[in-house]
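Coordinate-derived values only; no laboratory data. The shown structure was predicted, so the numbers you read here are calculated from the model rather than taken from an experiment. Cβ: placed from backbone, ideal geometry, glycine included. Neighbour counts: every protein chain shown.
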Amino acid sequence: MALHYSRRGTGRALLLVHGIGGSWRSWNPIIDALVAEHDVIAVDLPGHGASAPLAGPHTISTLADALTDFLTEHNLLGIDAVGSSMGARLVLELARRGGVVGAVVSLDPGGFWEGWEVPFFYQSVAVSQKLVEALQPVMPALMSTAVGRTALLPQFSARPWALDADQAQDEMYTMGHTPVFGELLEALAHGEKQKPAPAGSITAPLVIGWGRQDRVCVPRQAPRALAKFPDADLYWFDNCGHFPQWDQPAETARLILAVLRRQSFRKEDIARRPAEIALAPAVSKTAVAVAGLAAVAAGVWLLRRLTLPRR
């Protein structure tokens, strides 16, 4: 599969797989730390970034097939892998298949929702994407301010005001320019369920990381992921939303490197807080709440505009 990718560094090879609506640049907050020890291959999934869409349907299964073909073509089978969100589910699926990847770190994987969580995920992310798409002309200005980031990103980040403005703008651009977003969102919410990997079937290190403030894949889903992947260890990120590489980049990099070194580790050694955290400019809880409500109101207005018949 001819996927666009970035490759940097030397050492043991490492595959990075981004989430829905992202690109290889989604890993920019931690990629330098990983490149210092690894030959890092960060891909654009089909229909994302600079990679062309698939000729057929876009599902978890077909994306996993495309990644397997890519690794086979580049003689990279057995590579260690890290995934985020939809990419986190993809690396779990590759680990389940056997013989495709080595050590795996899966950050807030999608696909383990049940009951009300399914429409919550689908509708909230669909509205967010449509809002981002509609606001593209003014997105650079919005992402340049803490209030703008707080208004548009509270679903994805526990501390949206503290995110890097350039990184936030890049993410909002790719989210608004991913032609297969709707198809993949439908597949994630209502498509094939994730198949389990029986205990003992995955022998390489496998860690599932989860943000305690994840508002996309809510934390109650983590035990379900472990039930389907009993060989995995679970790592909790405190003060963290759906993307640990955004909210806790240093901690995320330390976790990944420890897993890839096949090291045992303690939570306190990976977290190393609070001394290292540089406090972002203060944003009051009232401002966060007001910004969040404004985003919801804008989303409802946009959804009505999109669904009401034209006169």
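Before moving on, here are some points about what is shown:
- Subtracting the Cα-Cα distance of Leu226 and Gln123 from 0.36 nm times their residue separation leaves 34.5 nm of extension gain.
- Taken one residue at a time, the phi angles of region 17-33 give Karplus couplings (6.51, -1.76, 1.60, θ = phi - 60°) of 10, 7, x, 4, x, x, 7, 4, 6, 4, 8, 3, x, 10, 5, 4, 5 Hz. Gly and Pro are set to x.
- Neighbour counts of other Cβ atoms within 10 Å put His74, His48, His38 in the fewest-to-most order His74, His38, His48.
- Charge dipole of the chain about the Cα centre (unit charges at C-beta), most positive-ward option of Ala64, Gly110, Gln263: Gly110
- Within the chain, longest stretch free of exposed GluC sites (Glu not before Pro) [DSSP loop, at most 13 other beta carbons within 10 Å]: 1-113
- Region 1-122 - Rg over Rh from alpha carbon coordinates, Kirkwood radius: 0.96
- Local electrostatic count at Phe112 - Lys and Arg +1, Asp and Glu -1, tallied over other residues with Cβ under 14 Å: +1
- Compared with the dominant principal axis of the Cα atoms in the chain, helix 181-190 is inclined by about 70°.
- Taking every DSSP helix (H) stretch of at least 4 residues in the chain, weighting each as -39,500 (n - 2.57) and dividing the sum by the residue count yields a mean residue ellipticity at 222 nm of -13000 deg cm²/dmol.
- Local electrostatic count, Leu71, Cβ distance below 12 Å [Lys/Arg +1, Asp/Glu -1]: -3
- For the pair Arg212 and Gln136, a Förster radius of 35 Å applied to the C-beta separation gives a FRET efficiency near 0.65, rounded to the nearest 0.05.
- Cα gyration tensor category, rounded, prolate or oblate, for region 100-179 with a/c compared to 1.5: prolate
- Additional length obtainable on full extension of the chain from Thr203 to Arg97, 0.36 nm per residue less Cα span: 36.9 nm
- Antiparallel DSSP beta bridges within region 5-307, as percent of all bridges there, nearest 5: 15 percent
- Note on Lys267 and Ala52: the model spin-label points, each 7 Å out from Cα along the C-beta direction, lie 4.8 nm apart.
- Helix 249-260 axis, angle to the chain major axis (alpha carbon atoms, nearest 10°): 20 degrees
- Cα point-scatterer Debye curve for region 5-307, base-10 log of I(q)/I(0) at q = 0.09, 0.10 Å⁻¹: -0.41, -0.51
- With neighbour counts taken as other beta-carbon atoms within 10 Å, the residues Trp161, Trp246 rank, fewest first, as Trp161, Trp246.
- Positive-end extreme of charge dipole, the chain - chosen from Ala81, Gln245, Val127 (charges on Cβ): Val127
- Per the Cα gyration tensor, region 147-224 maps to an equivalent ellipsoid with semi-axes of 29, 18, 13 Å, ordered largest to smallest.
- Mean-position separation - Cα centroids, region 18-62 and region 205-229, in angstrom: 21 Å
- Between the helical axis of 165-176 and the longest alpha-carbon principal axis of the chain there is an angle of about 90 degrees.
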